Amino acid sequence: MIAGCNVSGGEPNPECDYQEKNMKWNRVLTLLCVALSIFMLTACGSYFSKQKDGREAAPEEVVGKVWGWESTITPVETIVAADSERYTMLLTDESRAQMRFDCNRGGGVYVLEEGKITFGNMFSTRMACPPDTQDMVYMRDLHRAQSFYVENGKLYLMLPYDSGTMVFRELPAEAAK
């Protein structure tokens, strides 16, 4: 009830009727806004896990698969891996990364969220690799990775400030051994 409109037995007040109708419409509009907000939040959730052009940014697209480094593309150069199977990455469900850095094995920890990835400290064995090794470039760029997406079966790790993109292809599980 509206203040000053509680008149028992009195004549109807058109101002009070108008205010009561206004309150009803305000409630209806509020409910519509809440419903629309819930719908938008639900729609946004599916947008971020499935980006434009078939790009996937969901963690389950990356974890449990062996990825072989193909190249790093920067604004000034393209570094092509000598052999994808010499530079591999397996991200486990326990936030552990198992890596192959050419002739060395190693790993570390990682944090993976929708479209975002970061690697913590990494460790590696210290065997002498062939002269054409790219192990340091590979490890350096992994440390710099900030975001990811999967498109057409390839994993893309984005480096900061648009400084480059690491490109990986999925390898058979045996490549991680």
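The values are calculated or read from the model by the stated rules, or taken from the named source; none is laboratory data. On a predicted model such as this, the values are computed, not experimentally measured, just so you know. Every residue, glycine among them, receives a Cβ derived from its backbone with ideal geometry; neighbour counts consider all protein chains shown.
Observations on the model:
Let's see how each residue does on (1) more than 18 Å from TYR149 (Cβ to Cβ); (2) modelled with pLDDT of 95 or more; (3) not in a strand (DSSP E or B):
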{"position": "CYS33", "(1), (2), (3)": "yes, no, yes"}
{"position": "LEU36", "(1), (2), (3)": "yes, no, yes"}
{"position": "CYS44", "(1), (2), (3)": "no, no, yes"}
{"position": "PHE48", "(1), (2), (3)": "no, no, yes"}
{"position": "GLU70", "(1), (2), (3)": "no, yes, no"}
{"position": "ARG100", "(1), (2), (3)": "yes, yes, no"}
{"position": "TYR110", "(1), (2), (3)": "no, yes, no"}
{"position": "ARG126", "(1), (2), (3)": "yes, no, yes"}
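- For region 74-118, the candidate set comprises residues that are among the aliphatic types (A, V, I, L, M) and crowded, with 18+ Cβ neighbours inside 10 Å; within that set, the residue that is farthest from ASP135 (Cα to Cα) is LEU112.
- The set of residues in region 128-177 being within 21 Å of the chain's Cα centre (by Cα), part of a loop (DSSP other than H, G, I, E, B) and surrounded by fewer than 19 Cβ atoms within 10 Å (Cβ to Cβ) consists of GLN146, ASN152, GLY153, SER163.
- Selected residue [under 13 Å from GLY68 (Cβ atoms) and either assigned by TED's automatic domain parsing to the domain that holds LYS65 or among the hydroxyl-bearing types (Ser, Thr, Tyr) (or both)] from GLY120, GLY153, GLY106: GLY153
- When each of PHE148, PHE168, PHE123, PHE119 is tested for being aromatic (Phe, Trp, Tyr) and more than 26 Å from GLY54 (Cα to Cα), the lone residue that passes is PHE123.
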